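The values are calculated or read from the model by the stated rules, or taken from the named source; none is laboratory data. Here the structure is a predicted model, which means the values were calculated and not measured. FYI the Cβ positions are ideal-geometry reconstructions off the backbone, even for glycines, and counts take in every protein chain you see. Ligands, DNA and RNA are excluded from the accessible area calculation, which covers all protein heavy atoms including side chains. Shrake-Rupley method; radii C 1.70, N 1.55, O 1.52, S 1.80 Å.
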Amino acid sequence: MVNRIFLIVVFIGFPLIVIGSLLQFPSILIFGLSCLTIIGLSSFMGRATESLTIVVGPRIGGLLNATFGNAVELIISIFSLKAGLIGVVLASLTGSVIGNLLLVMGLSFFIGGLKFKRQNFNVFDARHNSGLLMFAVIVAFIIPELFSKNMNDSKTITLSIGVSIIMIILYIAALYFKLVTHRGVYNTKESKQNIKHEEPEWGKGKAILILGIATLAVAFTSEKLVHTFHEVGEKFGWSELFIGVIIVAIVGNAAEHASAVLMAFKDKMDVAVEIAVGSTLQISMFVAPILVIVSLFFPISMPLIFTLPEVIAMATSVLLTIVIVNDGESNWFEGATLLAAYFIMGIGFYLL
Amino acid sequence: MVNRIFLIVVFIGFPLIVIGSLLQFPSILIFGLSCLTIIGLSSFMGRATESLTIVVGPRIGGLLNATFGNAVELIISIFSLKAGLIGVVLASLTGSVIGNLLLVMGLSFFIGGLKFKRQNFNVFDARHNSGLLMFAVIVAFIIPELFSKNMNDSKTITLSIGVSIIMIILYIAALYFKLVTHRGVYNTKESKQNIKHEEPEWGKGKAILILGIATLAVAFTSEKLVHTFHEVGEKFGWSELFIGVIIVAIVGNAAEHASAVLMAFKDKMDVAVEIAVGSTLQISMFVAPILVIVSLFFPISMPLIFTLPEVIAMATSVLLTIVIVNDGESNWFEGATLLAAYFIMGIGFYLL
Amino acid sequence: MVNRIFLIVVFIGFPLIVIGSLLQFPSILIFGLSCLTIIGLSSFMGRATESLTIVVGPRIGGLLNATFGNAVELIISIFSLKAGLIGVVLASLTGSVIGNLLLVMGLSFFIGGLKFKRQNFNVFDARHNSGLLMFAVIVAFIIPELFSKNMNDSKTITLSIGVSIIMIILYIAALYFKLVTHRGVYNTKESKQNIKHEEPEWGKGKAILILGIATLAVAFTSEKLVHTFHEVGEKFGWSELFIGVIIVAIVGNAAEHASAVLMAFKDKMDVAVEIAVGSTLQISMFVAPILVIVSLFFPISMPLIFTLPEVIAMATSVLLTIVIVNDGESNWFEGATLLAAYFIMGIGFYLL
């Protein structure tokens, strides 16, 4: 049912954008259409990646997921970089981090918790992920932020590149740890039973085809979307920061949002938490450093230096999340707490 | 015995304050008398609230506690707001947070630990509270603090109001969670046995009467107390900040201090921790936001913006507390650690 | 084997330094020789302290360890203080903290983890130490840092002395807790079995003699080393900060590094973690405050005020460590995470 809606959205939205960009539709219309179409397309990419993951097995599947899981954000960000909108890129990275940790996980806990009194998830994974969140946000984002205050631009870029390379290496090491050396080591009994023979929705060829076409369509749409930011911001009184942190992040992560909440509602909390936290780690340890390195080939290089409100929002989100997931259990109130934190940050970024 | 001393203090102190304010006693005398009398009165309010809680049952009792548990701080703060002493109000909120977490809990752990080698408390409650402490202090206090640096006054007040409303809603949700949807869900065996048929000290009518009279008397005394701050500060070389963070906080929380330590000494660590942390949460998630909203009706509005030392003191107290209570166990050394942190902050605020 | 190498290093290096300082060898040669000789000497001091600990029993042994465990850092620091190099002292304290937590523990986890899939250590000790790390770094280092921004020099020194005295008292209380009131209370079964009858390597007299001679030799060599910093820094383009944080810290802690990694390789993770975290606590709660007090007798007093990058590096290291050791388990990837954090900080300090 949901899939059919996404199909309709894509098949109406995409042609309209193509026509609209030729006929110079008003920015706000293009903005709205692009957001909806990207959400629809990213659902297709998600399903194609999932099908491929089942076909090729967990190891290569894990790599596929690492690459295509946040492909939409990556594509939007690269077009923003090309347009010189460094502020928007950093803001949308921030938005993905706080959006996944607070909004996606908050909604999952809250809605899952309305149905089930207590929900459990793998506590080993939660702790493993907590360590990585601390590393990625508290160490790798905060250190350049504060060290760069007394540095010139060239040193700041050098530091950013160094940090980015270390993060990418550690991210690959994390995949190797999870998929090779310690695969299944920390599984609880229940999660072992959950590994059933799954049937892929689409065959290998079809999945690759859909993934390819959807990726191209997302790229085209993103390019249109990025160029509407300035006008839309002026019309609604939204700052670039707010567009990046809240709007782009919600559009870019809509697919994750939907599937995480669905999983929570089915009491598959392991999967819901994995989507939210895994996506955060992908963004912060893989997408962000890749963007730093990609930006070296564009006229304006992007240092890994967020604004202070961005870093503080991410750091406090991580600390709150770690304390809340640490016990491997959730309930509706823990979800409400995460959502409340998201609303506070949303108001803050709106007023900035 | 202790109750009789409080009775004497109140019946000597209160008339003296009335006379003293007519005859214009020296400020320092009024200051000392007011502090003692408020401590005595708050003990009566505590006992009356406790009796009422037993009579009306846990649900309405929880609400009563939420309202009257920190009534003294609330009353002192409202009179300070009226006198335009916003700095004192924010300082005394800070003082309540660090006082409850470090001084009250530290003394409880230390003194309880001198008698018992290891003391246990409900680890589920401890973790639930850790999440809320993170939310209240690390998210809801830090975000406005750092976001408001680039905001004008009107946006700062808007942000403060937004954060305050979210906090009050979440605080009410926390009560609903604890008293309705998840009542007793996380109780350990022992804590279930502890729920015995308790006899209220006073009947319903008597308790309400005492609560009403004591509240009025606290209000009267607080008004006198607030107006002595300026002169007392000058005489002793204490800054407004120090008076707020240390003196007002200790006076306003004296009743909690006494009963938490008593509970620890009886090895009822669950109750001792609940008093210390519960009071902190009440102050930060209920009293502080209420004061922000009340201040809108006074000439000077109070934003939820602490000074940097205040926020850092609260944030580091919360982080230290979370790590120390996380295992659901205490000993004298954990108490000593909390007390040492309190002394460090005390020296810091004294020298500021 | 390793011991023989250290013996040769000392017996060749030390005479060369004596000759070199008379004949005015180039600074870089003296610098290199001093570093190697100090590493060799500190291995002798470590073995002598260990022998004495076994002879005199755990109580006095604990005190001995507390005093001589970081004697090398203490000696280098005192000579740096005498030379007025306050920046180097604070930097080397920082370097010891992040070096022990990230480099020593990271290498232990990583190398131990290459051999063993999962390694365990006493979770009670880990949590006890987490509380102390929070106290020492997050409270006792951060509070003076941020409070002193609005203070004059004399108040800053007063605050530093107050904090230092409280830290030393709490450190002694921690020893009392561990060696007297709660000795063995938190031991797991395995760790009880590990307490075997150990034979000291050297007798009492020999150990004291070696400890005395080695300490004197370290003192002499440190004095030479300290005076090469300026020139070496200029030659290699290293800042005083980088020399302190990375070079001095690695030289001063080389002995701990070696023995911690060796213990991890033998799957004695309890000991490896104890060396890394215990050494951090000794540095931050004992060596640092002692240096503050010692500096009062020198021309320039040292306040307990680190630079912002130093404090941030230490604080984020502590948070990362606490999250990673919290489960009482380690694997190669946790080691890699700690090492990655160290490299990020290393690049940061190099570029500052």
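Can you list the copy-to-copy distances for C:Glu199, using a point 7 angstrom from Cα toward Cβ, in nanometres, shortest first?
In nanometres, ordered from closest: 7.1, 7.1.
How much accessible area is lost when chains A and B come together, counting both sides, with a 1.4 Å probe, in Å² rounded to the nearest 100?
The contact between B and A buries close to 2800 Å².
I'd like the residues of the stretch A:293-312 whose 1.4 Å-probe accessible area shrinks by no less than 20 Å² going from the isolated chain to the full set of protein chains.
In the stretch A:293-312, residues shielded by partner chains: A:Leu308, A:Pro309, A:Ile312.
With springs only between Cα atoms under 10 Å, which of A:Lys206, A:Lys268, A:Lys117 fluctuates most in a Gaussian network model of chain A?
A:Lys117
Which value, in debye to the nearest 20, describes the size of the charge dipole of the protein assembly as shown about its Cα centre when Lys and Arg Cβ atoms bear +1, Asp and Glu Cβ atoms bear -1, and nothing else is charged?
That gives the protein assembly as shown a dipole magnitude of about 1640 debye.
Taking a label point 7 Å out from Cα toward Cβ, give me the nm distances from C:Met1 to the same spot in the other copies, shortest first, one decimal.
7.0, 7.0
Using θ = phi - 60° and the Karplus curve 6.51 cos²θ - 1.76 cosθ + 1.60, what whole-Hz ³J(HN,Hα) does each residue of the stretch C:225-237 get, with Gly and Pro shown as x?
My calculation for the stretch C:225-237 gives 4, 4, 7, 8, 3, 4, 5, 4, x, 5, 5, 8, x Hz in order.
Using a 10 angstrom Cβ neighbour count of at most 16 plus a DSSP loop assignment to flag exposed GluC sites (Glu not before Pro), which longest range of chain C is free of such sites?
No qualifying site falls inside C:1-197, the longest such stretch.
Filter B:Lys224/B:Lys266; B:Lys149/C:Lys149; C:Lys149/C:Lys178; B:Lys82/B:Lys149 down to the pairs with a C-alpha to C-alpha distance above 29 Å, please.
B:Lys224/B:Lys266; C:Lys149/C:Lys178
For the protein assembly as shown, what is the accessible area per residue in Å², given a 1.4 Å probe and the full set of protein chains? Please list the in-between numbers first.
Details: 41780 Å² over 1056 residues.
I get 40 Å² per residue for the protein assembly as shown.
Per-residue mean of other chain beta-carbon atoms within 10 angstrom of the beta-carbon, peptide C:325-337?
5
Under a 1.4 angstrom probe, counting protein chains only, how are A:Arg47, C:Arg4, A:Arg118 ranked by accessible area, largest first?
Ranking A:Arg47, C:Arg4, A:Arg118 by accessible area, largest first, yields C:Arg4, A:Arg118, A:Arg47.
On a 1.4 Å probe surface of the protein chains, which of C:Phe141, C:Phe124 comes out largest in accessible area, and what is the full order?
Values: C:Phe141 5, C:Phe124 75 Å².
The most accessible residue leads, giving C:Phe124, C:Phe141.
Springs between alpha-carbon pairs under 10 angstrom, Gaussian network model over chain C: which of C:Asp153, C:Asp267, C:Asp327 fluctuates most?
C:Asp153
Would the stretch A:204-259 count as rounded, prolate or oblate if I go by the C-alpha gyration tensor, calling it rounded below 1.5 in a/c and otherwise prolate when a/b exceeds b/c, oblate otherwise?
Cα axes put the stretch A:204-259 in the oblate bin.
Which distances, shortest first and in nm, link A:Ile60 to the matching position in the other copies, using label points set 7 Å out along Cα to C-beta?
Result for A:Ile60, in nm, nearest copy first: 6.9, 6.9.
Could you sort B:Ile246, C:Ile161 by their accessible area in this structure, using a 1.4 Å probe and putting the largest first? Mind showing how you got there, number by number?
Numbers: B:Ile246 20, C:Ile161 45 Å².
Sorted by accessible area, descending: C:Ile161, B:Ile246.
Equivalent ellipsoid semi-axes for the stretch C:2-351, as square roots of 5 times the alpha carbon gyration tensor eigenvalues: give them largest first, rounded to whole Å. Walk me through the numbers before you get to the answer.
Numbers: eigenvalues 167, 130, 85 Å².
Each semi-axis is the square root of five times an eigenvalue, giving 29, 26, 21 Å.
Would you jot down the residues in the stretch C:128-143 that end up with at least 30 Å² less accessible area in the complete protein assembly than in the chain alone, with a 1.4 Å probe?
C:Gly131, C:Met134, C:Phe135, C:Ile138, C:Val139, C:Ile143
How much accessible area does A:Val2 have with a 1.4 Å probe, in Å² rounded to the nearest 10?
90
Leaving ligands, DNA and RNA out of it, report the carbon-plus-sulfur percent of the accessible area of the protein assembly as shown at a 1.4 Å probe.
68
Mind telling me which of B:Gly112, B:Gly131, B:Gly278 comes out most flexible in a GNM of chain B, alpha-carbon contacts under 10 Å?
B:Gly131
At 1.4 Å probe size, what's the solvent-accessible area of B:Ser259? Round to the nearest 10 Å².
Accessible surface of B:Ser259 is approximately 40 Å².
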